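Chemist: Before I ask anything, here is the structure I am working with.
The values are calculated or read from the model by the stated rules, or taken from the named source; none is laboratory data. Computed from a prediction, not measured in an experiment: that's the story for all the values here. Note that we place each Cβ from the backbone using ideal geometry, even for glycine, and neighbour counts take in every protein chain shown.
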Amino acid sequence: MSAPADTPGADDPAGDAGSGRPRRSKRRPAQPAGGSQASPLPWFGRLSQLDFDIDFFERILVRSPDSIDVLRVLGELASRRGLHERALELDRRLVARLPVDFLARYNLACSLALAGRADEAILCLGEAFRLGYDDVAHMEVDPDLASIRERPEFRALVGRA
């Protein structure tokens, strides 16, 4: 499958279209006559890799609003960028599409914790456990859960698992 012409990196033959990762052009902008510096790069040149990735997956989500893979990746990217409300929205959409997926539920709990919704995060973690999530060691160090880790309800969940 190839990327649409207006997708960032669509002209990069070395890109990995099947991986869901943005393809980056290896070409450098041509130097203008006279040896002076070229004008600023297109929009990609002004973005960090993380911002580029977010923009790339947001564009895909517009075209495929029900894509599970895009929702997962974009939720992770938004969270990493500190866009907690956006990550929360994406994780809620993912859980609505995958109501019995324990990892989607765990990620929603993380987004809730990051957004300052501790009570909802604890309830969502409990649901993730009920659905099969059992990586307590990860929960103990996951920075997304730092805001709720010392709560008695969290400690009770970890002790139950």
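Chemist: Taking LEU114, is it closer than 30 Å to LEU47 by Cβ and either modelled with pLDDT under 95 or of a type in the set (A, V, I, L, M, F, W, C) (or both)?
Modeler: When the stated conditions are applied, LEU114 passes them.
Chemist: Same structure again: Can ASP91 be described as at pLDDT below 95, assigned to a helix (DSSP H, G or I) and of a type in the set (Asp, Glu)? Full working, then the answer.
Modeler: Details: at pLDDT below 95: no; assigned to a helix (DSSP H, G or I): yes; of a type in the set (Asp, Glu): yes.
No.
Chemist: Of all residues in the stretch 49-74, which are under 10 Å from the mean Cα position of the chain (by Cα) and of a type in the set (Phe, Trp, Tyr)?
Modeler: Within the stretch 49-74, just PHE57 meets the criteria.
Chemist: Within the stretch 104-150, can you find the residues that are exposed (fewer than 15 other Cβ atoms within 10 Å of the Cβ) and either touching a residue at least 60 places away in the same chain (Cβ under 8 Å) or not in a helix (DSSP H, G or I) (or both)?
Modeler: Once the filter is applied, which keeps residues that are exposed (fewer than 15 other Cβ atoms within 10 Å of the Cβ) and either touching a residue at least 60 places away in the same chain (Cβ under 8 Å) or not in a helix (DSSP H, G or I) (or both), the stretch 104-150 yields GLY116, GLY132, ASP134, ASP135, ALA146, GLU150.
Chemist: When the stretch 58-88 is examined, which residues are found to be among the hydroxyl-bearing types (Ser, Thr, Tyr) and assigned to a helix (DSSP H, G or I)?
Modeler: SER79
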